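Since every read-out is calculated from the coordinates, none of them should be taken as a lab result. The model shown is predicted, which means the values in this text are computed figures rather than measured ones. Cβ coordinates were reconstructed from backbone atoms using ideal geometry, including for glycine residues, and neighbour counts include every protein chain displayed.
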Amino acid sequence: MDAREKILDAATKLLAEASAADVSTRAVCEAAGVGAPMLYRLFGDKAGLLAAVVDRGFEQYLASKRVARPSGDPVADLRSGWDNHLRFALDHPHHYRLMYSPELTAPPAAAREAHDLLHGILERCAAAGRLTVPPALATRVIMSANVGAALSMLNRPEQYPDGQFAERLRDAVIGSLTRPAETVVVQEQEGDAVPVAAATLAARLRADVPPALTVAESALLQQWLEKLSAN
């Protein structure tokens, strides 16, 4: 095992017994049997070390999401993604808490990738005419709700003894941002038609840029559509 893996193993074990604030780089070095210069050369500082611990802990979870095949129903995939996120949090409480610890001065790569993967599903929802708000806004809403549910269950288990509330929250949040497949072909109520159509067209153009448009024209059209979809 090389020095990097020794340090990550030591940090992971120490963090399983104490909070990030209570684990020092000195303690990690002693547990790993390496000198402080080695830790700082590999990770920069404590925040860099903590981010690396999170990234390694989340790798298996993210790997499964990368290779997951999308179904014909992107909203169903959205619900499944919520459930998988919550399941991972409950199965790996130390890594999950660390992901959102104030000790991390910058979000780890795992957090950015999880955000991007969720955004990709929401782009599919928008392209299918199922999303009622822009994908970027929907991503922020769903991610914050999903993370909030997970942290509530981890940090206040006596108040959240089971996942029933999380299922209701999932359905309420996703239901407020999407519409059933059968209504896509039905004419929208006046006032909703333009924003939904704009979000749908914007997503489809991002997935397949028309060759007839220049880069500047495509960017301008996207800007107009995003403004319309936000109204």
*Against the globular-protein guess of 2.2 N^0.38 Å, express the Cα radius of gyration of segment 49-183 as a ratio, rounded to two decimals.*
1.05
*Cross-link partners of Lys227 among lysines (Cα-Cα below 21 Å; sequence separation of 8 or more within a chain)*: none
*By how many degrees, between 0 and 90 and to the nearest 10, does the Cα long axis of helix 164-177 differ from the longest principal axis of the chain?*
40
*Going by how many other Cβ atoms sit within 10 Å of their own, how do Asp77, Asp162 line up, fewest first?*
Asp162, Asp77
*asked:* If I take all pairs of Cα atoms in segment 40-86, what percentage of them are more than 14 Å from each other?
replied: 63
*Which percent of Cα pairs goes in each bin when the distances of the chain are cut into 5 angstrom slices starting at zero?*
1, 6, 13, 14, 14, 13, 11, 9, 8, 5, 4, 1, 0, 0
*For an R0 of 30 angstrom, estimate the FRET efficiency from the Cβ-Cβ distance between Ser19 and Arg79 and round to the nearest 0.05.*
0.40
*Cα-only radius of gyration and Dmax that characterise segment 1-108, units Å*: 16.1, 53
*What percent do you get for the relative contact order of the chain when only Cα pairs under 8 Å and 6+ apart count?*
19
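Given a cut-off of under 8 Å on Cα pairs at least six residues apart, what relative contact order in percent is computed for segment 1-44?
The value is 47 percent.
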*Lys/Arg +1, Asp/Glu -1 at C-beta; the chain dipole; positive extreme among Ala52, Met143, Val67*: Ala52
*asked:* Can you give me the angle between helix 46-67 and the longest principal axis of the chain, using Cα atoms only, in degrees from 0 to 90, rounded to the nearest 10?
replied: 50
*Arrange Val173, Val28 by Cβ neighbour counts within 10 Å, fewest through most, would you?*
Val173, Val28
*Determine the principal axes of the Cα atoms in segment 1-44, then give the extent along each, sorted from largest to smallest and rounded to whole angstroms.*
23, 19, 15
*About its Cα centre, what dipole magnitude does segment 1-44 give when the only charges are +1 on Lys and Arg Cβ and -1 on Asp and Glu Cβ, stated in debye to the nearest 20?*
160
